[in-house]
1. Testing residue B:256 on (1) within 29 Å of residue A:98 (Cβ to Cβ); (2) free of Cβ contacts under 8 Å to residues at least 60 places away in the same chain, one condition comes back false. Which one is that?
2. Within the range B:183-208, how many residues turn out to be touching a Leu at 6+ places or on another chain (Cβ under 9 Å), part of a loop (DSSP other than H, G, I, E, B) and closer than 18 Å to residue B:62 by Cα?
3. How many residues does the range B:105-141 hold that are at the interface with another protein chain (Cβ under 7 Å from one of its Cβ atoms) and polar (S, T, N, Q)?
4. Could you check, for the range A:110-120, whether at least one of its residues is modelled with pLDDT under 80 and in a strand (DSSP E or B)?
5. Considering only residues of the range B:215-240 that are among the small types (Gly, Ala, Ser) and surrounded by fewer than 16 Cβ atoms within 10 Å (Cβ to Cβ), which is nearest to the chain's Cα centre (by Cα)?
6. Looking only at the range B:241-265, how many residues end up being at positive phi and surrounded by 13 or more Cβ atoms within 10 Å (Cβ to Cβ)?
7. Please note which strands (runs of 3 or more DSSP E) are completely contained in the range B:88-162 and include at least 1 residues that are farther than 27 Å from residue B:211 by Cα.
8. So residue B:229 passes all but one of these: (1) touching a helix residue (DSSP H, G or I) at 6+ places or on another chain (Cβ under 8 Å); (2) free of Cβ contacts under 8 Å to residues at least 12 places away in the same chain; (3) acidic (Asp, Glu). Which condition number does it fail?
Amino acid sequence: MKMKGISTGLFIGLLSTALLAQPALASTNVFIDNDSTTYTTTSDMVTTNSPAFTYRTVSSDKNGDSRISVFTDDKGYFYHWEFPTGSSIPTTYNLSVYLNDTSFTNKSAQYSFGVSTIGSINQYSALAGNNWIGSGTDWDTIHVKVESYDYASAHPAGTKTGADQINIWN
Amino acid sequence: MKKSLLSTGLLTAFMMSCVFVQASTPNQTTNSQTATLSPLQEKMLNAIDNYTSLEGTYHVMQKPINVDETVSFSIKEGPSAGSYAKHVDNRDGSIVEQTSDSNYVMSNNHKLNEFRKAKIDKSTFAKITTPRSFKNNKGEPVYVYRQDPAWATSVNEVAFPQTYAFWLNDPTTYSIVDHEQYLGRDATVIQGKMDPYIGQKHDATDYKIWVDSATGVLLKLVETNASGEVTNLIEVNSLKVDQPVDSSKFSVNAPAGEADKSMKN
């Protein structure tokens, strides 16, 4: 009788647990990361497979940073990276950018997944560290784009943007 | 007896559920080093919850990045949220406008005679209920930003000053020195020492900030360097809170005669 009472309670409790909102899956982060601000070319980018995503980073013997645009079809206005997810199901992904360099001064760095903007951050005044910007929905391939200059200012040209590291996870 | 055994089981299962529902992704979250935020920080981090509309003008000068602008803005929160901002460069008179109807955001650069328009992903609007500042399992600081449905991003430094709220994370670096009347509103006045990373970027060692006590809106920010020179300044010159605004300003219709530089698929 005693055991039955406990078992019933546990069963109800566990069933309730299963019905609660589940935490974000501990998926592997996708990121571009390096520690130098020296600009380099797309030929320096390497692709590394991780369990869930393929991510791109600059090869270890080259200097570079995440301000490299992998694609050249954005007329120089945007930095653009693509991450194949291997999934055709629309999924919400979170985005954070790691700032650690005083050259990141874009007051209104606007990040987008595809052509939908998901968030903006004042990189001129944001503290060094991981800055969670927002979330967006994408599927087969996550297209991360950030405007290459501070368009919200009356003087857009030449303001540094991008970040040292970009993290995406779901 | 039966009831008490059932309760024990439920309690046990609930405690187990607490372990499983903690939001955690590799390298991103930890529950052991969450920053304790002050009431003023909470107000600044959620300023958009503290007004239904905001209109005003301010002057911003940031010497290290050659910014000297007069900005006027109009924001409406809640249903039919939207925003309008006009940035006038005080040196050459060039103008950039940003508008949003909460579905799209459009920037018009009149000097370059071009505009850009982007759809807004609304999954980013949810109010954040998890810690806003903590350290991840690498010991790196994490700052969680919330996005505004009115998408007044170009004037967030005044209307939604989350960035400056995070400057106040370390209470040993600043003190509340006064309460003043500023534009007829009670302002909390803070003096502090610049974070070294920001200080290097801003060419500043000290700052003084006036925050609207009721809403968390930034009213004034003065940053000075070691020589006492003002290197960065944000100064609100007019402010209307919770007054009717003209929503027709929030139109995101593409302007005639300007080149479309929007992102393409």
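1. Going through the list (1) within 29 Å of residue A:98 (Cβ to Cβ); (2) free of Cβ contacts under 8 Å to residues at least 60 places away in the same chain, residue B:256 breaks only (1).
2. Step one: of the range B:183-208, the residues touching a Leu at 6+ places or on another chain (Cβ under 9 Å) are B:183-185, B:187-188, B:190, B:192, B:195, B:197-198, B:207-208.
Cutting the leftovers down to part of a loop (DSSP other than H, G, I, E, B) gives us B:183-184, B:195.
Next cut, closer than 18 Å to residue B:62 by Cα only: B:195.
The total comes to 1.
3. The number of residues fulfilling the criteria is 5.
4. Initial filter on the range A:110-120 (modelled with pLDDT under 80): A:114-115.
Now narrow it down to the ones that are in a strand (DSSP E or B): none.
No: the range A:110-120 contains no residue that is modelled with pLDDT under 80 and in a strand (DSSP E or B).
5. We begin by selecting, within the range B:215-240, every residue among the small types (Gly, Ala, Ser); these are B:216, B:226-228, B:238.
Filter again for surrounded by fewer than 16 Cβ atoms within 10 Å (Cβ to Cβ), leaving B:226-228, B:238.
Values: B:226: 27, B:227: 29, B:228: 27, B:238: 19 Å.
Among residues in the range B:215-240 that are among the small types (Gly, Ala, Ser) and surrounded by fewer than 16 Cβ atoms within 10 Å (Cβ to Cβ), the one nearest to the chain's Cα centre (by Cα) is B:238.
6. Kept after step one, since they are at positive phi, are these residues of the range B:241-265: B:242, B:257.
Among the residues that remain, those that are also surrounded by 13 or more Cβ atoms within 10 Å (Cβ to Cβ) are: B:242.
Adding up the residues that qualify gives 1.
7. Values: elements: B:95-100, B:104-109, B:114-120, B:133-135, B:141-144.
The qualifying strands (runs of 3 or more DSSP E) are B:95-100, B:104-109, B:114-120.
8. So residue B:229 meets the others, but not (1).
The values are calculated or read from the model by the stated rules, or taken from the named source; none is laboratory data. Given the structure is predicted, the values throughout are model-derived calculations rather than measurements. Here Cβ is always computed from backbone atoms with ideal geometry, including for glycine, and neighbour counts include all displayed protein chains.
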